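As structure tokens, the structure follows; a few thoughts come after it.
The values are calculated or read from the model by the stated rules, or taken from the named source; none is laboratory data. Every value quoted in this text rests on a predicted model; they were computed, and no experiment measured them. With ideal geometry, Cβ positions are generated from the backbone for all residues, glycine too; neighbour counts draw on all protein chains shown.
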Amino acid sequence: MKEKLIEKGLLIVALSALGSLLLIALFIFIEGMPLIVKVGLKDFIASTHWAPTRGSFGILPMILGSLAVTLLALIFGGGLGLAGTMFLAEFAPRWSVRILKPLIELLAGIPSVVYGFMGVVVLVPWIRQTFGGPGFSVLAAGIILGIMILPTVIAISLDALNAVPLSYKEGSLALGATRWQTLYRVQFRAARSGIIASLILAMGRAVGETMAVIMVAGNALLIPTSPLAPVRTLTSNIALEMGYAAGDHQRALFATGVVLFVIIAVLNTIALLTMRERK
């Protein structure tokens, strides 16, 4: 009887989490879809003019801004994360891994506003003095987000590499391959689905980040033409305008949330399917 009660309790907890997600999604779609239907999906996502108080609801600059920032974050954070994964998996002493891995994972617990503050104080002035421009830019947001996604990339990629059977490594070394060749050509290929999943989940984290991006991106309603240009992302647009929006303006922000929800849902689904393929 006790086991039955525990089983039912855990089922209720699991269903409550799923129910909460469904209610959130339902609320966002109910509030946002009427505006998309009114304006038209094509005009909503393909127009470049955002002036909701005048009846213009084009979010293309924010979509391209989110993609630009996310892509730069993935290049910076993904590359650095995979390099760190290689070092921890193969070349770092075992005692240092026990210290470095928890420290890297601790980065995930630091509030995003702290990253944003460090970006404003250190990174933005450095970009302004080194490359010119206002400093608040795609480059600044991409670097900050790249640092923020490091724990996701390293933790999942390292677990994927550690799951590769030891016989793969031993067989490669026995055939005369170097440690680097074994890591790159054998272990990484065997763990590629987990590594790809880590990058996709990191993209989801970067697309959905708000506070740090608001502080360093510049928040200009322009299509970014260079890494040094200021930009506004989908999440920044919602956070900046929701406090005073009303009527169609508010519904347009919920519609922006619908687009963001769909993007992140697609990324997470791809990541789950990729990880399931690994298993």
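Here are a few things to note about the model shown:
- Residue match in region 159-171 (condition: within 21 Å of the chain's Cα centre (by Cα), of a type in the set (Asp, Glu) and surrounded by fewer than 19 Cβ atoms within 10 Å (Cβ to Cβ)): yes
- Filtered by the rule that a residue be touching a residue at least 24 places away in the same chain (Cβ under 8 Å) and in a loop (DSSP other than H, G, I, E, B), region 224-265 gives Pro224, Ser226, Pro227, Leu228, Ala229, Pro230, Arg232, Thr233, Ala245.
- Restricting region 182-191 to residues that are at pLDDT 85 or above and in a helix (DSSP H, G or I), the residue that is surrounded by the fewest Cβ atoms within 10 Å (Cβ to Cβ): Arg189
- In the set (1) surrounded by 17 or more Cβ atoms within 10 Å (Cβ to Cβ); (2) of a type outside the set (S, T, N, Q); (3) assigned to a helix (DSSP H, G or I), Gly135 fails one condition alone, (3).
- Scanning region 208-240 for residues that are surrounded by fewer than 21 Cβ atoms within 10 Å (Cβ to Cβ) and either under 15 Å from Asn268 (Cα atoms) or hydrophobic (A, V, I, L, M, F, W, C) (or both) turns up Gly208, Met211, Ala220, Leu221, Leu222, Ile223, Leu228, Ala229, Ile238, Ala239, Leu240.
- Residue count, region 21-48 (criterion: under 14 Å from Phe261 (Cβ atoms) and either out of contact with any helix residue (DSSP H, G or I) (no Cβ under 9 Å at 6 or more places or on another chain) or not β-branched (Val, Ile, Thr) (or both)): 10
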